[in-house]
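A.B. asks: Shown below is the structure under consideration.
The values are calculated or read from the model by the stated rules, or taken from the named source; none is laboratory data. As the structure is a computational prediction, the values presented were derived from the model and not from experiment. Glycine also receives a Cβ, built like all others from the backbone with ideal geometry; neighbour counts cover every protein chain displayed.
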Amino acid sequence: MKTIRWGMIGCGDVTEVKSGPGLYKAAHSTLLGVTNRTLAKAESYASRHGVPRVYPDVAALLADPGIDAVYIATPPCEHKALTLQAAAAGKHVYVEKPMAMNHDECKEMIAACQSAGVRLYVAFYRRAMPRFLQVKDWIDQGAIGTLCTVSILQRQKPSPEDLSSETLPWRLHADVAGGGKFLDMGVHVLDILAFWFGPIGEVRGQAGNRGGLYDVEDTVTATWRHANGVTGVGNWCYVGQDDADQVEITGTRGRIAFEFFADSPVRLVTSAGVKEVNIPNPIHVQQPFIQSIVDDLNGLGICPGDTQSAADTSAVTDRILDSFRRKSE
């Protein structure tokens, strides 16, 4: 059994608990080395996480023959260039979501990895998390009959750092993130829906900026249809007075309801009553997905993440945000 030796590019917040530890806690997997734009940050990360190697830059990491795969944990503006560099160096790639700044960049990334003969994975890790697999089991078992509709509501109050241009996070800079919180968070929802119901075909959307706190979108409304006929509607607002997080899947014999981002029970509602299942999230939420990547690379399983589906999700968000982006140019 081969141990997959990872190199990590970027040592930001997401790598502290959500993802980084999964690289060295998954079976037959180890985090061999890290690099970061600020070397001291990489050195601190390596010291705290027991990572043996620190590289002064990306080129040095990619030149190490001991690295089998790289995890790209940088803002989206760097995803394409780093993926192309990693592919050229013969390294498999695991890249954070959103996959890239737009669908065209996603296509370039896929083509480069295919040409280099390396695998490409995108961090839509909820596809491997137990509470989302429970929802999939209910769907696949026909627990709510013929699937009809899915509705999404996400509402958030602005974070304190959103209130000043001096503290605005990179996720709210279009030239760095490609969009706003919808592109950062909404893509997770759209991806898992494609996992459950098949690709999104028809899609219509409107985005706006109602709060005036920053330049990217802060409100989004969209409707769509999946390959299996399920129709969807979503409303996202990131300048609300309070918070809300609701997903509801309706079928001819019941419904499934849950909060997407909260670690709360999932509910199956049918004529037999209400069944609640409480499945706590893993401490390191990306670890099950990372394990599936390691198993996939070792020929022991199949990663539930579909790179083409990840690119398709970027195409969907491009279409939803198209008119807003054109007005902002």
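A.B. asks: Checking the structure you have, find out if any residue of the stretch 271-292 is surrounded by 16 or more Cβ atoms within 10 Å (Cβ to Cβ) and part of a strand (DSSP E or B).
C.D. replies: no
A.B. asks: Additional query: Return the only residue of Leu133, Leu193 being assigned to a helix (DSSP H, G or I), under 24 Å from Arg253 (Cα atoms), modelled with pLDDT of 95 or more and touching a His at 6+ places or on another chain (Cβ under 8 Å).
C.D. replies: Values: Leu133 fails: touching a His at 6+ places or on another chain (Cβ under 8 Å).
After applying the criteria, what remains is Leu193.
A.B. asks: Taking only pairs six or more apart or across chains, which ones have beta-carbon atoms under 7 Å, a first residue in the stretch 240-255 that is in the same structural domain as Val189 (by TED's automatic domain parsing) and within 19 Å of Gln141 (Cα to Cα), and a second residue that is part of a loop (DSSP other than H, G, I, E, B) and small (Gly, Ala, Ser)?
C.D. replies: Gly251/Gly145; Thr252/Gly145; Arg253/Gly145; Gly254/Ala143; Gly254/Gly145
A.B. asks: Only one of (1) surrounded by 13 or more Cβ atoms within 10 Å (Cβ to Cβ); (2) not in a loop (DSSP other than H, G, I, E, B) is not met by Glu161, so which one is it?
C.D. replies: Here Glu161 clears every test but (1).
A.B. asks: Scan the stretch 50-92 residue by residue and report those that are out of contact with any Lys or Arg (no Cβ under 7 Å at 6 or more places or on another chain), closer than 13 Å to Ala112 by Cα and not small (Gly, Ala, Ser).
C.D. replies: To start, the set of residues in the stretch 50-92 that are out of contact with any Lys or Arg (no Cβ under 7 Å at 6 or more places or on another chain) comprises 50-61, 63-65, 71-91.
Remaining after also requiring closer than 13 Å to Ala112 by Cα: 79-91.
Residues satisfying the conditions are His79, Lys80, Leu82, Thr83, Leu84, Gln85, Lys91.
A.B. asks: Got a number for residues in the stretch 27-43 being in contact with a helix residue (DSSP H, G or I) (Cβ under 8 Å, 6 or more places away or on another chain), aliphatic (A, V, I, L, M) and surrounded by fewer than 24 Cβ atoms within 10 Å (Cβ to Cβ)?
C.D. replies: Narrowing the stretch 27-43 to residues in contact with a helix residue (DSSP H, G or I) (Cβ under 8 Å, 6 or more places away or on another chain): 27-31, 33-36.
Now narrow it down to the ones that are aliphatic (A, V, I, L, M): 27, 31, 34.
Checking the rest, the ones that are also surrounded by fewer than 24 Cβ atoms within 10 Å (Cβ to Cβ) come to 27.
Of the residues in the stretch 27-43, 1 are in contact with a helix residue (DSSP H, G or I) (Cβ under 8 Å, 6 or more places away or on another chain), aliphatic (A, V, I, L, M) and surrounded by fewer than 24 Cβ atoms within 10 Å (Cβ to Cβ).
A.B. asks: Among the residues of the stretch 267-300, count how many are in contact with a Ser or Thr (Cβ under 6 Å, 6 or more places away or on another chain) and assigned by TED's automatic domain parsing to the domain that holds Ala257. Please lay out each step first, then the result.
C.D. replies: So the first thing to find is which residues in the stretch 267-300 are in contact with a Ser or Thr (Cβ under 6 Å, 6 or more places away or on another chain), and the list is 286, 294.
The next check asks that each one be assigned by TED's automatic domain parsing to the domain that holds Ala257; those that pass are none.
Result for the stretch 267-300: 0.
A.B. asks: Let me ask something additional. Taking interchain pairs and intrachain pairs at least six residues apart, which have beta carbon atoms under 6 angstrom, with the first residue in the stretch 214-232 and part of a strand (DSSP E or B) and the second of a type in the set (Gly, Ala, Ser)?
C.D. replies: Thr219/Gly208; Val220/Ala207; Ala222/Gly205; Ala222/Gly234; Trp224/Gly232; Arg225/Gly201; His226/Gly198
A.B. asks: Please find, among Leu147, Leu193, Leu172, Leu153, the residue that is surrounded by 20 or more Cβ atoms within 10 Å (Cβ to Cβ), under 17 Å from Ala207 (Cβ atoms) and among the hydrophobic types (A, V, I, L, M, F, W, C). Working first, answer last.
C.D. replies: On the way: Leu147 fails: under 17 Å from Ala207 (Cβ atoms); Leu193 fails: under 17 Å from Ala207 (Cβ atoms); Leu153 fails: surrounded by 20 or more Cβ atoms within 10 Å (Cβ to Cβ).
When all the criteria are applied, what remains is Leu172.
A.B. asks: To continue, here is another question. Take the residues of the stretch 271-329 that are more than 18 Å from the chain's Cα centre (by Cα) and of a type in the set (Ser, Thr, Tyr): which is nearest to Val203 (Cα to Cα)?
C.D. replies: Taking the candidates together, the pick is Ser323.
A.B. asks: Among all residue pairs at least 6 apart or on different chains, which show Cβ distances below 9 Å where the first residue, located in the stretch 52-72, is under 12 Å from Ala86 (Cβ atoms) and the second is surrounded by 14 or more Cβ atoms within 10 Å (Cβ to Cβ) and acidic (Asp, Glu)?
C.D. replies: Qualifying pairs under 9 Å: Tyr71/Glu96; Ile72/Glu78; Ile72/Glu96.
A.B. asks: While we're here: Can you go through Ala116, Ala87 and tell me which one is closer than 24 Å to Thr317 by Cβ and in the same structural domain as Gly33 (by TED's automatic domain parsing)? It would help to see each step written out before you state the result.
C.D. replies: Details: Ala116 fails: closer than 24 Å to Thr317 by Cβ.
Only one candidate passes the filter, namely Ala87.
A.B. asks: In this structure, does Glu78 turn out to be out of contact with any strand residue (DSSP E or B) (no Cβ under 6 Å at 6 or more places or on another chain), more than 23 Å from Ser19 (Cα to Cα), assigned to a helix (DSSP H, G or I) and not assigned by TED's automatic domain parsing to the domain that holds His173?
C.D. replies: no
A.B. asks: Go over the candidates Arg119, Arg155, Arg131 one by one and state the one that is in contact (Cβ under 8 Å) with a residue 24 or more places away in the chain, among the basic types (Lys, Arg) and touching a helix residue (DSSP H, G or I) at 6+ places or on another chain (Cβ under 7 Å). Walk me through how you get there before you give the answer.
C.D. replies: Values: Arg155 fails: touching a helix residue (DSSP H, G or I) at 6+ places or on another chain (Cβ under 7 Å); Arg131 fails: touching a helix residue (DSSP H, G or I) at 6+ places or on another chain (Cβ under 7 Å).
After applying the criteria, what remains is Arg119.
A.B. asks: Restrict the check to the stretch 225-242 and report whether at least one residue is among the acidic types (Asp, Glu) and under 30 Å from Val274 (Cα atoms).
C.D. replies: Within the stretch 225-242, the first condition is being among the acidic types (Asp, Glu), and the residues that meet it are 242.
Subsequent filtering for residues that are under 30 Å from Val274 (Cα atoms) retains 242.
Checking the stretch 225-242: at least one residue is among the acidic types (Asp, Glu) and under 30 Å from Val274 (Cα atoms).
A.B. asks: Condition check: under 28 Å from Lys181 (Cβ atoms) and touching a Phe, Trp or Tyr at 6+ places or on another chain (Cβ under 6 Å). Does Arg126 satisfy that? Outline the logic, then answer.
C.D. replies: Details: under 28 Å from Lys181 (Cβ atoms): yes; touching a Phe, Trp or Tyr at 6+ places or on another chain (Cβ under 6 Å): yes.
Spelling it out, Arg126 is indeed under 28 Å from Lys181 (Cβ atoms) and touching a Phe, Trp or Tyr at 6+ places or on another chain (Cβ under 6 Å).
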